[in-house]
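Accompanying notes for the structure given below.
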Amino acid sequence: MEQLSRTEALFRDEPYLKSAEAAVLGTNDRGGIILDRTVFYATSGGQPGDTGVLTRADGTAVTIAATVTGRTKDEIIHVPAAGAALPEAGERVLLEIDWERRHRLMRMHTACHLLSAICPFPITGASVGEEDSRIDFDLPETGFTKESVTENLMELVDADHPVFTRWISEAELATNPGLVKSKNVRPPSGAGRIRLVCIGEDASIDSQPCGGTHVARTGEIGAIHIGKIEKKGRENRRFRIRFGPLPAG
């Protein structure tokens, strides 16, 4: 599969695309399915990979339990559920992601970007989940409270700011290193360009490298709140983001 492992990632430009047709390039030595193109997001940057179904021409459904990357971001591997019959190279299949799950992850991932704009400190870790996400910041004792951060988050959500992507060159990023918010992880290099996710008119709210999927406007996130702010070290604070309004009391 080495010469056939590049997959066109439709989700990068069309995050709302729920289904598509694709050709099977083959399977790898672990039974992962490789396609010529896909709507399935592969685990990366703290966002889990998509789940869903591949439907073969004879109507047989192949459940996809996970989607992961291989040696590069362009090597996208669809991991079938145990016991699934694998399609053959050359087959045409219909791809359908679990849209409800993906959309929740899109909403949550966008909320994480808003949090990083409200708390402009180096990020030491992050994980996006369907119900609960976290961002770890490198900062000492802080005056932030879950109430004040929640209020700021909801102001940005309610303002219904646009969310969009644009591309810059690696040279442009090198001249503006502040775009990278992660303390320890750098965007993949070598492709010549970097994908930025921007929030607000002219990226007035936020702009940072990211390969994930996001909603088109902040209002689509819905009610969100900070469930907890935890001390994880002398200069490490973990903010937990959850859907729904901040519970009373």
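The values are calculated or read from the model by the stated rules, or taken from the named source; none is laboratory data. Note that the structure is predicted; figures quoted are calculated from it, not measured. Note that we place each Cβ from the backbone using ideal geometry, even for glycine, and neighbour counts take in every protein chain shown.
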Condition first: part of a strand (DSSP E or B) and surrounded by fewer than 15 Cβ atoms within 10 Å (Cβ to Cβ). Now tell me which residues in the stretch 229-248 satisfy that.
230, 231, 232, 233
In the set 222, 200, 227, 212, which member is more than 16 Å from residue 117 (Cα to Cα), outside the structural domain of residue 73 (by TED's automatic domain parsing) and touching a His at 6+ places or on another chain (Cβ under 7 Å)?
212
Got at least one residue in the stretch 169-185 being more than 27 Å from residue 73 (Cβ to Cβ), touching a strand residue (DSSP E or B) at 6+ places or on another chain (Cβ under 8 Å) and exposed (fewer than 12 other Cβ atoms within 10 Å of the Cβ)?
no
Residues being of a type in the set (Gly, Ala, Ser) and either farther than 26 Å from residue 131 by Cβ or touching a helix residue (DSSP H, G or I) at 6+ places or on another chain (Cβ under 6 Å) (or both): count how many of those fall in the stretch 41-91.
9
Show the residue pairs meeting these rules: Cβ distance below 6 Å; 6+ apart or different chains; first residue within the stretch 145-162 and in the same structural domain as residue 223 (by TED's automatic domain parsing); second residue of a type in the set (S, T, N, Q).
156/218; 157/218; 160/218; 161/218
Could you please find all residues in the stretch 123-136 being part of a strand (DSSP E or B), in contact with a helix residue (DSSP H, G or I) (Cβ under 6 Å, 6 or more places away or on another chain) and either small (Gly, Ala, Ser) or surrounded by fewer than 17 Cβ atoms within 10 Å (Cβ to Cβ) (or both)?
133
The stretch 69-107, residues that are small (Gly, Ala, Ser) and surrounded by 15 or more Cβ atoms within 10 Å (Cβ to Cβ)
70, 84
Please specify each residue of the stretch 21-36 satisfying the condition of being on the phi > 0 side of the Ramachandran plot and in a strand (DSSP E or B).
26
If you go through the stretch 50-68 one residue at a time, do you hit one that is surrounded by 14 or more Cβ atoms within 10 Å (Cβ to Cβ), out of contact with any Leu (no Cβ under 9 Å at 6 or more places or on another chain) and farther than 21 Å from residue 105 by Cβ?
no
The residue that is modelled with the highest pLDDT, considering only those in the stretch 62-77 that are more than 16 Å from the chain's Cα centre (by Cα) and of a type in the set (D, E, K, R), is 75
If you scan the stretch 137-180, which residues turn out to be part of a helix (DSSP H, G or I), under 22 Å from residue 218 (Cα atoms) and acidic (Asp, Glu)?
147, 151, 155, 158
